[in-house]
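Peer 1: Below is a structure I'd like to ask you about.
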Amino acid sequence: KAGVTQTPRYLIKTRGQQVTLSCSPISGHRSVSWYQQTPGQGLQFLFEYFSETQRNKGNFPGRFSGRQFSNSRSEMNVSTLELGDSALYLCASSFGQTADTQYFGPGTRLTVL
Amino acid sequence: SQELEQSPQSLIVQEGKNLTINCTSSKTLYGLYWYKQKYGEGLIFLMMLQKGGEEKSHEKITAKLDEKKQQSSLHITASQPSHAGIYLCGADIQGAQKLVFGQGTRLTINP
């Protein structure tokens with residue numbers, strides 16, 4: 001079974017631009033969660049989608065948004081990029097129950113110049 | 001303060017030596033996950049522990065959950081260069097609607 005895939009793997013943007021990241025979950029998984037990882041803050045939860053609905057949301061500004069499609073694929077968008085948005089963005093998929101194991105993708109490395 | 005504390009933050013051991021990484025929660029644990037991450041890459045799932053006293057092993061890695069102490073330990077026996085990386089614990093904890101992660105432990109294995 002194929003794992004979680006994320007595209008693109010690397011991205012370079014400038015301040016003020018916007019970016020869209022994509023995540024394809026493991027087949028059969030209905031939950032997709034997004035995380036931001038930085039050296040200073042570690043792994044921080046952005047949001048979780050289940051059956052096309054946002055189920056949980058972390059403490060990030062409204063510039064960070066996401067959505068999930070009927071095939072469970074998910075996208076996250078960051079508008080008006082800031083230097084501090086440079087990070088590794090990871091998505092994880094699971095079947096969807098609270099205690100289900102999350103399986104992570106390889107991440108998208110975003111650099112904001 | 002950090003809801004999940006990992007210790008140590010970094011660890012350098014000689015190849016062949018044993019080592020232990022700890023993960024302590026400030027709140028009640030309902031499930032504890034261990035992941036390994038190579039620098040700049042995704043997290044690889046290692047093990048999940050749900051019941052107090054539960055212990056799981058995979059190859060030379062053993063994880064235990066001490067429910068009373070709200071703590072889990074990850075033990076590597078006879079370490080190898082392939083064990084190098086960042087180990088993260090994640091947990092379902094009381095009051096959190098999401099998986100919470102520790103800051104990670106960076107493990108270096110010297111030949």
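The values are calculated or read from the model by the stated rules, or taken from the named source; none is laboratory data. Given the structure is predicted, the values throughout are model-derived calculations rather than measurements. Here the Cβ positions follow ideal geometry from the backbone for every residue, glycine too, while neighbour counts run over all protein chains shown.
Peer 1: Of all residues in the stretch B:71-85, which are among the small types (G, A, S), over 15 Å from B:E5 (Cβ atoms) and either more than 14 Å from chain A (Cβ to nearest Cβ) or not in a strand (DSSP E or B) (or both)?
Peer 2: B:A78, B:S79, B:S82, B:A84
Peer 1: Could you go through the stretch B:21-37 and let me know if any residue there is touching a helix residue (DSSP H, G or I) at 6+ places or on another chain (Cβ under 8 Å), closer than 15 Å to B:Q9 by Cα and more than 11 Å from every other protein chain (Cβ to nearest Cβ).
Peer 2: No; the residues of the stretch B:21-37 include none that is touching a helix residue (DSSP H, G or I) at 6+ places or on another chain (Cβ under 8 Å), closer than 15 Å to B:Q9 by Cα and more than 11 Å from every other protein chain (Cβ to nearest Cβ).
Peer 1: Name the residues in the stretch A:42-79 that are out of contact with any Lys or Arg (no Cβ under 7 Å at 6 or more places or on another chain) and among the aliphatic types (A, V, I, L, M), would you?
Peer 2: If the condition is that a residue be out of contact with any Lys or Arg (no Cβ under 7 Å at 6 or more places or on another chain) and among the aliphatic types (A, V, I, L, M), then A:L43, A:L46, A:M76 are the ones that fit.
Peer 1: Given the criteria over 20 Å from B:K36 (Cβ atoms), surrounded by fewer than 20 Cβ atoms within 10 Å (Cβ to Cβ) and facing chain B (nearest Cβ under 10 Å), does A:G58 qualify? I'd like the intermediate steps shown before the answer.
Peer 2: Details: over 20 Å from B:K36 (Cβ atoms): yes; surrounded by fewer than 20 Cβ atoms within 10 Å (Cβ to Cβ): yes; facing chain B (nearest Cβ under 10 Å): yes.
So A:G58 passes the test.
Peer 1: Restricting attention to the stretch B:47-61, report how many residues are surrounded by 18 or more Cβ atoms within 10 Å (Cβ to Cβ) and either within 14 Å of chain A (Cβ to nearest Cβ) or outside any strand (DSSP E or B) (or both). Break it down into steps so the answer makes sense when it comes.
Peer 2: In the first step, residues of the stretch B:47-61 are kept if they are surrounded by 18 or more Cβ atoms within 10 Å (Cβ to Cβ); the result is B:47-49, B:61.
Subset that is either within 14 Å of chain A (Cβ to nearest Cβ) or outside any strand (DSSP E or B) (or both): B:47-49.
Adding up the residues that qualify gives 3.
Peer 1: Okay, moving on. With the condition kept exactly as written, say whether any residue in the stretch B:85-108 is under 26 Å from A:Y10 (Cα atoms) and free of Cβ contacts under 8 Å to residues at least 40 places away in the same chain.
Peer 2: No, the conditions are met nowhere in the stretch B:85-108.
Peer 1: Whether any residue in the stretch A:68-86 is within 14 Å of chain B (Cβ to nearest Cβ), crowded, with 18+ Cβ neighbours inside 10 Å and either farther than 27 Å from B:I93 by Cα or within 12 Å of the chain's Cα centre (by Cα) (or both) is what I want to check.
Peer 2: Within the stretch A:68-86, none of the residues are within 14 Å of chain B (Cβ to nearest Cβ), crowded, with 18+ Cβ neighbours inside 10 Å and either farther than 27 Å from B:I93 by Cα or within 12 Å of the chain's Cα centre (by Cα) (or both).
Peer 1: Still on this model: Could you tell me which of the residues B:L88, B:L107 is away from chain A (no Cβ under 14 Å), modelled with pLDDT of 90 or more and assigned to a strand (DSSP E or B)?
Peer 2: On inspection, the qualifying residue turns out to be B:L107.
Peer 1: Looking at (1) within 11 Å of chain B (Cβ to nearest Cβ); (2) surrounded by fewer than 17 Cβ atoms within 10 Å (Cβ to Cβ); (3) acidic (D, E), can you tell me which one A:E48 breaks?
Peer 2: (2)
Peer 1: On to the next question. Only one of B:L32, B:L43, B:L19 is of a type outside the set (S, T, N, Q) and either loosely packed, with under 12 Cβ neighbours inside 10 Å or within 11 Å of the chain's Cα centre (by Cα) (or both); which?
Peer 2: B:L32
Peer 1: Could you pull out the residue among B:K98, B:K68, B:K64 that is assigned to a loop (DSSP other than H, G, I, E, B), among the basic types (K, R) and more than 13 Å from chain A (Cβ to nearest Cβ)? Write out each step before concluding.
Peer 2: Details: B:K98 fails: more than 13 Å from chain A (Cβ to nearest Cβ); B:K64 fails: assigned to a loop (DSSP other than H, G, I, E, B).
From the options B:K98, B:K68, B:K64, the qualifying one is B:K68.
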